[in-house]
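In what follows, a structure is listed as structure tokens, so that the remarks can point back to it.
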Amino acid sequence: MSRVTRGPNSRKRRKKILKAAKGFVGGRSRSFKSAKETWQRAMSYAYRDRRTKKRDMRRLWIVRINAAARLNDMSYSTFINGLNKSEVEIDRKVLADLAIHDPQGFSKLVELSKKGIEKNA
């Protein structure tokens, strides 16, 4: 039986990791062992933070909506409650964008929210 060399496969595997670790600092991009450890940690952080980003964005939108609602003498929770009772289906991303770029349009939504609360009270 002939002898099998696994050099090409090992080299391919190491080159793949070192290519992925290209932007790392110092030995983390040059030595295979530390590059592999750093790369694995980076990938786990990336996976985790793709989910965290969604939470962070929603929190930011809520802060912006709350600030704009308070400029119109209303709290965030009563504003959202009024919109729900008025059967307005605008997501928080769009509401936050309106709060920043179109304050008059947001004020109209606040009035609609107030009507929804009064109507169902």
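Semi-axes of the equivalent ellipsoid for the stretch 68-111, please: Cα gyration tensor eigenvalues, times 5, square-rooted, ordered largest first, whole Å.
Details: eigenvalues 42, 30, 16 Å².
Semi-axes, largest first: 14, 12, 9 Å.
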HN-Hα couplings for the stretch 49-60 via Karplus (6.51, -1.76, 1.60; θ = phi - 60°), in whole Hz with x for Gly/Pro, come out as 7, 5, 7, 4, 4, 5, 5, 5, 5, 4, 4, 4
Could you work out [θ]222 nm for the chain from helices alone, using -39500 (n - 2.57) per DSSP H run of at least four and dividing by all its residues? Round to the nearest 500 deg cm²/dmol. -25500 deg cm²/dmol
Contact order relative to length of the stretch 11-119, as percent, for alpha carbon pairs under 8 angstrom and 6 or more apart: 21
From the Cα gyration tensor of the stretch 31-121, with a ≥ b ≥ c the square roots of its eigenvalues, which class applies: rounded if a/c is under 1.5, or else prolate if a/b is larger than b/c, or else oblate? prolate
What pairs from Lys33/Lys54; Lys22/Lys93; Lys54/Lys85; Lys53/Lys119; Lys36/Lys93 go past 31 Å between their alpha carbons? Lys33/Lys54; Lys22/Lys93; Lys53/Lys119; Lys36/Lys93
With bins of 10 Å, the percent of all Cα-Cα pairs of the stretch 1-80 per bin from 0 is 16, 23, 17, 15, 13, 10, 4, 2, 0
Put +1 on the Cβ of every Lys and Arg and -1 on every Asp and Glu Cβ in the chain; which of Leu98, Ala21, Tyr47 then has its Cα farthest towards the positive end of the dipole? Ala21
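Considering only the other residues whose Cβ falls under 9 Å of the Cβ of Gly116, what net charge follows from Lys and Arg at +1 and Asp and Glu at -1? Write out the running numbers ahead of the final one.
Working: positive: Lys85, Lys114, Lys115, Lys119; negative: Glu87, Glu118.
Local net charge: +2.
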Any chance you could give the angle, 0 to 90 degrees and rounded to 10, that helix 76-85 forms with the longest Cα principal axis of the chain? 70
Considering only Phe79, Phe32, Phe106, give the residue with the highest GNM mean-square fluctuation for the chain, with springs between Cα atoms whenever their separation is below 10 Å. Phe32
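Bear in mind these aren't lab numbers, they're just calculated from the coordinates by the rules spelled out. Because the structure is a prediction, the values reported are computed rather than measured. Cβ: placed from backbone, ideal geometry, glycine included. Neighbour counts: every protein chain shown.
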